[in-house]
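Below is one structure, written out as structure tokens; the observations come after it.
The values are calculated or read from the model by the stated rules, or taken from the named source; none is laboratory data. Only a predicted model underlies this, so the values are computations on that prediction, with no experimental measurement involved. Reconstructed Cβ throughout: ideal geometry from the backbone, glycine too, with neighbour counts over all protein chains shown.
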Amino acid sequence: MTSAVVIPAAGLGLRLGGETPKAFREVGGDSLLVHAVRGLKAATAADLSCFVVAVPPGAEEAVFKELEPYVGGAELLVVAGGAERADSVRAALDVVPVDGIDCILVHDAARAFVPADAIERVVAAVRAGAEAVVPVVPVTDTIKRIGPSGEVVDTPDRSTLVAVQTPQGFAPEVLRRAHAAGADAGVTDDAMMCERLGVTVQTVEGSPDAFKVTRPQDLLLAEALLAERRSA
Ligand SMILES: Nc1ccn([C@@H]2O[C@H](COP(=O)(O)OP(=O)(O)OP(=O)(O)O)[C@@H](O)[C@H]2O)c(=O)n1
Ligand SMILES: C[C@](O)(CO)[C@H](O)COP(=O)(O)O
């Protein structure tokens, strides 16, 4: 049995700004998407045999050529993404092979620097029997719930809160069932779709390096992280 990974990379990156879709923005000379694929490939214990990438429509051929050198002997499929992240994941999931895959990861191209050990923890938890697994890190800000006028409603106990990253890992049948159920309104990750089906989602330790490149200052952090890794 091997794993497959679905990589949503079709977003525009509006919060980051700039002309180029976020997954194609470069850090240290390579696109975020190339960094993400290289990072996944480095997680040898994950046994990734198939990479499916969802990209902005029209970019499929160019992205296939760009990524082919980085997937080794694994299968590479590139599909057109959709309007929302969930649409892109679903388009990619539709072409993931059924036979021989015991774990499907969903990993944001924008979380390009996730270390191998975090990826391997997710896959190991799925292989140990979890139906859905998310990597998490502690919340470092005080979080408040607010009402319609911006007024504070309450302050949840921070010790019960975590920030959720990717890759998220799933038993293939569970992820397919969650996406087949549709009802994406308000959904921000794949685990949430599973929660709506009543599936228990397990957590494993994530990594600060798996931050999502979202705003311009995240690119500065990415450059610094890469420089540190290259000098180590
Ligand atoms: N229609 C979409 C929207 C997002 N994504 C992908 O989902 C991941 C996480 O999304 P986010 O960071 O929100 O990316 P964007 O939607 O591109 O960012 P923004 O909301 O700032 O436009 C990214 O790898 C992004 O490319 C996608 O494949 N298809
Ligand atoms: C999937 C995700 O990265 C988990 O933290 C996140 O929910 C994506 O959210 P975004 O609104 O697409 O940034």
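Within segment 109-163, if we keep just the residues that are among the basic types (K, R) and more than 27 Å from V27 (Cα to Cα), the residue that is surrounded by the fewest Cβ atoms within 10 Å (Cβ to Cβ) turns out to be R145.
Evaluate the following for L226: is it outside any loop (DSSP other than H, G, I, E, B), surrounded by 15 or more Cβ atoms within 10 Å (Cβ to Cβ) and without any contact (Cβ under 8 Å) to a residue 12 or more places away in the chain? Judged against the criteria, L226 is not a match.
There is no residue in segment 70-89 that is under 18 Å from K41 (Cα atoms), within 16 Å of ligand 2 (Cβ to nearest atom) and among the aliphatic types (A, V, I, L, M).
Pairs meeting the criteria (first residue in segment 155-179 and among the charged types (D, E, K, R), second residue assigned to a strand (DSSP E or B), beta carbons under 6 Å, at least 6 apart or on different chains) are lacking.
For G39, state whether it is of a type outside the set (A, V, I, L, M), more than 16 Å from ligand 2 (Cβ to nearest atom) and either touching a residue at least 60 places away in the same chain (Cβ under 8 Å) or surrounded by fewer than 17 Cβ atoms within 10 Å (Cβ to Cβ) (or both). Criteria not met by G39.
Summed over segment 112-133, the residues that are closer than 26 Å to L220 by Cα and outside any loop (DSSP other than H, G, I, E, B) give a count of 4. If the condition is being free of Cβ contacts under 8 Å to residues at least 40 places away in the same chain, more than 6 Å from ligand 1 (Cβ to nearest atom) and assigned to a loop (DSSP other than H, G, I, E, B), then segment 8-27 contributes G18, E19, T20, P21. Exactly one residue out of A83, A36, A45 is more than 16 Å from the chain's Cα centre (by Cα), assigned to a helix (DSSP H, G or I) and modelled with pLDDT of 95 or more, and it is A45. Checked against the criterion of being modelled with pLDDT of 95 or more, over 19 Å from T203 (Cβ atoms) and hydrophobic (A, V, I, L, M, F, W, C), the candidates A110, A130 yield just one match: A110. Just one residue in the set V27, V5 is over 17 Å from the mean Cα position of the chain (by Cα) and either among the aromatic types (F, W, Y) or within 17 Å of A210 (Cα to Cα) (or both); that residue is V27. Residues of segment 95-119 that are over 17 Å from the mean Cα position of the chain (by Cα) and touching a residue at least 12 places away in the same chain (Cβ under 8 Å): V95, P97, V98, G100, I101, D102. Scanning segment 142-182 for residues that are in contact with a helix residue (DSSP H, G or I) (Cβ under 8 Å, 6 or more places away or on another chain), more than 20 Å from A9 (Cα to Cα) and either assigned to a loop (DSSP other than H, G, I, E, B) or among the basic types (K, R) (or both) yields T142, I143, A171, A181. In segment 49-69, the residues that are under 16 Å from G11 (Cβ atoms) form Cβ pairs under 9 Å with partners that are surrounded by 22 or more Cβ atoms within 10 Å (Cβ to Cβ) and among the basic types (K, R), at six or more places apart or across chains, as follows: A54/R90.
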